[in-house]
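S.K.: I'd like to ask you about the structure that follows.
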Amino acid sequence: MAGSAPYARYNVAIVRDLADSLAGQALRMNKDQGQSVDMEKARQEHKHYTDTLRSIDGLQLVELSGDSSLPDCVFVEDAAVVCGDTALLTRPGAPSRRAEVNSVKQALQQLNFNIVEMKDETATLDGGDVLFTGREFFVGLSSRTNQRGAQILADVFKDYVVIPVDVTGTLHLKTFCTMAGPDLIAIGSSVEAQKTLKEMLKLTTYNYTTLILPDDEAANCVYLNSPEKGHILLHRTAKEFPESAKRFKSLTNYTLIPVSNTELAKVDGSLTCCSILLNKGA
Ligand code: CIR
């Protein structure tokens, strides 16, 4: 494990308010069959998410305001990849999302991170495609992230191996695959998710354990290691995904925190998308 702190020991979370324009204008994969977002409920769910993060000992929240000219701005994860003392500002795959990076840049500058900007106009990278395991990076090649984006990430974070993997059938790599603990990969059980997992396990030299979830969406969970409580996992609720919630209960020595995400999920948002978790002074 790189560094001396435990994997996923964070002290800052950057979050951003929902844009008023989200319900009408946020991007969604399923343009025709989408259900409408209940903005009041979306705000309540997001408040619960941010309040949950705020309640974690040692975690300071940096809260950015929403911007109605940027309907997807709540999904801050896509704007930057932070590792050690370096923050790579991405070039999001969707042109309508590129200006989201500006506020995130300001916040990271104020936190004194070394900022690197992805300026190459042939590169695209969304943070939702970047899975840092503590040992290496997996980067999903998706409709939003390309090889050049993955290459620039590898150039910036030279201490780590960067493994590009194909992602199909979903928005981002992390839509169906996240870390649920040190060396523990949570992944959905769809054919597409399992195909990506097979590629990951073939290309890595590490021995990861996997937690296979019946529902792809539930495999997007937020793992943190707190000095006081140890393993903490924010995961989708039993009401949303009963079978997957049962699987999470098999994790011993975890503080499990169910977090509902019914509304942002309608515009392809998952739990990890709504924060950038980092360690200031790592
Ligand atoms: C988009 O399509 O870009 C947004 N509606 C959802 C982004 C979700 N972000 C993430 O998974 N990291």
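The values are calculated or read from the model by the stated rules, or taken from the named source; none is laboratory data. Not measured: the values here are computed from a predicted model. Counting neighbours? That spans all protein chains shown, and the Cβs are built from the backbone with ideal geometry, glycine included. Accessible surface areas use protein heavy atoms only, side chains included; no ligands, DNA or RNA. Shrake-Rupley method; radii C 1.70, N 1.55, O 1.52, S 1.80 Å.
S.K.: List the pairs from Lys41/Lys249; Lys105/Lys198; Lys47/Lys229 whose alpha-carbon separation is above 31 Å, in the order I gave them.
M.R.: Exceeds cut-off: Lys105/Lys198.
S.K.: Calculate how many DSSP beta bridges within the chain are antiparallel, expressed in % of all such bridges and rounded to the nearest 5.
M.R.: Roughly 45 percent of the DSSP beta bridges within the chain come out antiparallel.
S.K.: Ratio of alpha-carbon Rg to the 2.2 N^0.38 Å globular estimate for the chain, to two decimals, please.
M.R.: Values: Rg = 17.1 Å, N = 282, 2.2 N^0.38 = 18.8 Å.
In units of the 2.2 N^0.38 Å rule of thumb, it is 0.91.
S.K.: Averaged per residue, what accessible surface does the chain expose to a 1.4 Å probe, in Å²?
M.R.: Ligands and nucleic acids excluded, the result is 44 Å² per residue.
S.K.: Of the heavy-atom accessible surface of the chain (probe 1.4 angstrom), what whole percent is carbon and sulfur?
M.R.: For the chain, the apolar C and S fraction of the accessible surface comes to 47 percent.
S.K.: Hey, got the dipole for the chain? About the Cα centre, +1 on K and R Cβ, -1 on D and E Cβ, debye to the nearest 20?
M.R.: Details: 29 positive and 35 negative charges, 85 e Å.
In total the dipole reaches around 420 debye.
S.K.: Between Ser96 and Ser36, what is the label-point separation in nm under the 7 Å Cα-to-beta-carbon projection?
M.R.: 1.7
S.K.: Scanning the chain for GluC sites (Glu not before Pro) in DSSP loops with at most 14 other Cβ atoms within 10 Å, what's the longest stretch left with none?
M.R.: In short, 1-120.
S.K.: Sticking with this one: So, R0 is 25 Å and r is the distance between the beta-carbons of Ser55 and Thr168; what FRET efficiency does that work out to, to 0.05?
M.R.: 0.10
S.K.: Now for a different question. Please list, by residue number, everything in region 247-282 whose backbone N is under 18 Å from a paramagnetic label point 7 Å out along Cα→Cβ of Thr209.
M.R.: 247-257
S.K.: Pull out the extension gain between Asp120 and Thr237, defined as 0.36 nm times the separation in residues minus the alpha carbon to alpha carbon distance; nm, one decimal.
M.R.: Gain on stretching Asp120 to Thr237: 38.1 nm.
S.K.: Follow-up question, since we're still on this one. Please sort by residue number the chymotrypsin sites (Phe, Trp or Tyr not before Pro) in region 195-282 whose DSSP state is loop and whose Cβ has at most 13 other Cβ atoms within 10 Å.
M.R.: Passing sites in region 195-282 are Tyr206.
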